[in-house]
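Some notes on the structure that comes next.
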Amino acid sequence: MIRSVRSLTLLGATGSIGKSTLDVVARHPDRFRIHALTAHRNSERLISLCLRIAPRFAVVEGGDAAREVQRVFRAEGCRTEVLEGLQGLLQVATDPESDTVVAGIVGGAGLLPTLAAVQAGKRVLLANKEPLVMAGSLFMDAVRENGAELLPLDSEHNAVFQCLPGNFSRDGLTELGVRRILLTASGGPFRDLPVETLSAVTPDQACAHPNWSMGRKISVDSATMMNKGLELIEACRLFGLPGSRVEVVVHPQSVIHSMVEYVDGSVLAQLGNPDMRTPIAHALDYPARIESGVEPLDLFRVGRLDFQAADQDRFPCLRLAYEALAEGGGACIALNAANEVAVDAFLQGRLGFTDIAGLIADTVEGFGACPVSSVDDVLLADREARRLAGSLLDALVGGHA
Ligand code: NAD
Ligand code: MG
C-alpha cells in the first residue's frame with residue numbers, strides 16, 4: 001500500500017514532546033515532512049531546528065525574539081518564514097498545507113491553537129492535556145462536529161486507546177463492555193519520602209522524575225500528582241466515562257502505561273519502556289506501526305510489577321481533581337489555572353511544595369460555580385481564576401517576594 005507523506009505542524013517544537021516527536025520523525029524521512037515548528041521564547045533552539053529542518057514556517061513570540069530569528073535566517077540564507085505570537089500559532093494550526101498537528105505546548109496557552117486545529121478538521125496528536133481539562137465537552141464536541149481525528153499522546157491515554165477496540169466511540173464504552181479505566185501513576189519522586197519532609201523539597205528535586213524525562217511544569221505536576229489529577233479529567237473527556245469509573249493505580253516501574261477492565265473480568269494493558277517516543281510513533285502513523293527508536297522492553301530486567309493505591313493524603317491534588325471533575329462547570333478551569341499559577345510560583349522559589357495544593361483548593365473554593373458554554377466563557381473563567389490565584393498567592397507569600 002502506498003501511503004501519502006504526512007505534513008506536520010509541531011506546536012511546542014522546542015520542548016520535551018517536540019524533541020521526542022522530531023526524533024521519531026527523523027527516522028522516517030519518507031513518511032513525514034515538517035511544515036511548521038513553533039516555540040515561545042526559546043528562539044535559540046528554534047533557530048537551530050529550522051536551520052537543520054527548513055520548515056515552511058516558524059512561529060515565535062513577537063518582538064525581540066521574532067526579530068532575532070529573522071536576522072539569523074537572513075544571514076544563514078534560511079527561507080523559513082517567521083510568524084509571530086498567537087496569530088502565527090493559529091495560522092500554522094489551521095494551514096491547509098498541513099494535515100497533522102502535534103499539540104505539544106505546555107499549559108492553557110495551547111488551548112486556542114489546539115482548538116483551531118480541531119476546528120480545521122486536522123489529525124491532532126494531543127500531548128497538551130490542559131486544554132481538554134479547561135474546555136472539556138466543548139473541545140470534544142468540536143472534534144466531532146469538524147471531523148477531526150484526536151489521538152492521545154499522553155502515555156496513559158494512548159495506552160487506554162490501544163486497549164480499546166479500533167472502532168470505539170466516545171459514548172459507547174459501556175456497550176463495548178468496558179467497566180473501568182485503570183490509570184497508572186509512577187507516584188513521582190516523592191512517593192516514599194516521609195510526608196513531614198515534603199514541605200522542604202526544592203524545584204530541582206521535584207523535577208528529577210524517577211522514570212520519565214519531561215518539561216519542568218509537568219515534572220512538578222507529577223511530583224504533586226496533579227498530573228494524574230489532570231489526566232483523570234483528560235481520560236473522562238476523551239473516553240466519555242465518569243470519574244467513578246477511572247481508578248488511579250500507583251505502579252512505580254512505569255512499565256504498564258494504563259489498563260482497561262472489561263465486564264467479563266479481562267483487563268487489557270499496554271506495556272513498554274517509559275519513553276514518549278512509543279505513544280508518539282503509535283499516533284503519528286496510526287493505524288500503521290512504525291519504528292520509534294525505543295529499546296525493546298526487557299521483562300527479565302524489569303523483574304516485577306508493583307501496584308499500590310494512591311494516597312490522597314500525601315497527594316491532596318489528586319483529591320482536588322476528583323472533586324473538581326464532580327463539580328463540573330468552571331471548577332476544572334479554576335483547578336488548572338490555579339495549578340499553573342502555583343507551579344510557576346514554586347519553580348520561582350516563591351511557594352513551598354506543600355502549599356501548592358492549598359493555593360489550588362482556596363482558588364477553586366473562592367471561584368465558586370460558574371456555567372461554561374462557550375470558548376469565551378472558558379477564557380474568561382481562566383483569566384478570573386488566574387487573577388484570584390495570583391492575589392491569594394500574594395496574600396500568602398507577599399506581593400513583591
Ligand atoms: P516543555 O516545557 O518541555 O515544552 C513546552 C513547549 O511549549 C515549548 O516548545 C515552549 O516554547 C512552548 N510554550 C510554552 N509556553 C508557551 C506559550 N505561552 N505560547 C506558545 N508556546 C509556548 O513541556 P513538555 O514537557 O514538552 O510538555 C508539553 C505538554 O505535553 C504539556 O501539556 C504536558 O503536560 C504534556 N505531556 C508531556 C509529556 C512529556 O513527557 N514531556 C508527557 C505527557 C504529556
Ligand atoms: Mg501522562
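The values are calculated or read from the model by the stated rules, or taken from the named source; none is laboratory data. Small disclaimer: the values here were computed from a predicted structure and weren't measured. Cβ sites come from the backbone with ideal geometry, for glycine too, and all protein chains shown count toward neighbours. These accessible areas exclude ligands, DNA and RNA; they are computed on the full protein's heavy atoms, side chains included. Shrake-Rupley method; radii C 1.70, N 1.55, O 1.52, S 1.80 Å.
Here is how the numbers come out for the structure above:
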{"quantity": "Selection within segment 234-248 - in contact with a Phe, Trp or Tyr (Cβ under 9 Å, 6 or more places away or on another chain), open to solvent by less than 10 Å² (accessible area, probe 1.4 Å) and assigned to a helix (DSSP H, G or I)", "calculated": "F239"}
{"quantity": "T197, sole failed condition from (1) hydroxyl-bearing (S, T, Y); (2) within 14 Å of ligand 2 (Cβ to nearest atom); (3) outside any loop (DSSP other than H, G, I, E, B)", "calculated": "(2)"}
{"quantity": "Residue satisfying all of: in segment 15-33; basic (K, R) and closer than 13 Å to L284 by Cα; nearest to ligand 2 (Cβ to nearest atom) among these", "calculated": "R27"}
{"quantity": "Pairs where the first residue, in segment 374-395, is closer than 15 Å to E340 by Cα and the second is of a type in the set (D, E), C-beta under 6 Å, 6+ apart", "calculated": "L392/D362"}
{"quantity": "Residue check for A381: open to solvent by 70 Å² or more (accessible area, probe 1.4 Å) and over 25 Å from S219 (Cβ atoms)", "calculated": "no"}
{"quantity": "Residue check, L132 open to solvent by less than 10 Å² (accessible area, probe 1.4 Å), within 18 Å of L380 (Cα to Cα) and within 16 Å of ligand 1 (Cβ to nearest atom)", "calculated": "yes"}
{"quantity": "Residue within segment 327-337 that is assigned to a loop (DSSP other than H, G, I, E, B) and surrounded by fewer than 18 Cβ atoms within 10 Å (Cβ to Cβ) present", "calculated": "yes"}
{"quantity": "Pairs with Cβ under 6 Å, 6+ apart, first in segment 102-125 and closer than 15 Å to D382 by Cα, second at pLDDT 95 or above and part of a strand (DSSP E or B)", "calculated": "G110/A103"}
{"quantity": "Whichever residue in segment 301-310 is outside any helix (DSSP H, G or I) and touching a residue at least 40 places away in the same chain (Cβ under 8 Å) and, among such residues, is surrounded by the most Cβ atoms within 10 Å (Cβ to Cβ)", "calculated": "A310"}
{"quantity": "Residues located in segment 88-129, provided they are under 21 Å from I333 (Cβ atoms) and within 16 Å of ligand 2 (Cβ to nearest atom)", "calculated": "A103, I105, V106, G107, G110, L126, A127, N128, K129"}
{"quantity": "From G85, G121, G136, residue being under 24 Å from D64 (Cβ atoms) and of a type in the set (G, A, S)", "calculated": "G85"}
{"quantity": "Any hit, segment 50-59, residues being closer than 21 Å to K217 by Cα, touching a residue at least 24 places away in the same chain (Cβ under 8 Å) and crowded, with 24+ Cβ neighbours inside 10 Å", "calculated": "no"}
{"quantity": "Options Q87, Q70: the member that is within 16 Å of ligand 1 (Cβ to nearest atom) and farther than 26 Å from R216 by Cβ", "calculated": "Q87"}
{"quantity": "Per-region count, segment 355-401, residues farther than 18 Å from E130 by Cβ and in a helix (DSSP H, G or I)", "calculated": "13"}
{"quantity": "From the options R289, R277, residue that is under 20 Å from H157 (Cα atoms), in contact with a Ser or Thr (Cβ under 6 Å, 6 or more places away or on another chain) and charged (D, E, K, R)", "calculated": "R277"}
{"quantity": "Condition check for Y322: of a type in the set (F, W, Y), in a helix (DSSP H, G or I) and in the same structural domain as S213 (by TED's automatic domain parsing)", "calculated": "yes"}
{"quantity": "Single match in R180, R191 (criterion: assigned to a loop (DSSP other than H, G, I, E, B), away from ligand 1 (no atom under 13 Å from the Cβ) and in contact (Cβ under 8 Å) with a residue 60 or more places away in the chain)", "calculated": "R191"}
{"quantity": "Cβ pairs under 8 Å, 6+ apart, first in segment 153-177 and away from ligand 2 (no atom under 16 Å from the Cβ), second open to solvent by less than 50 Å² (accessible area, probe 1.4 Å) and among the acidic types (D, E)", "calculated": "none"}
{"quantity": "Residue check for E291: in contact with a helix residue (DSSP H, G or I) (Cβ under 8 Å, 6 or more places away or on another chain), open to solvent by 30 Å² or more (accessible area, probe 1.4 Å) and acidic (D, E)", "calculated": "yes"}
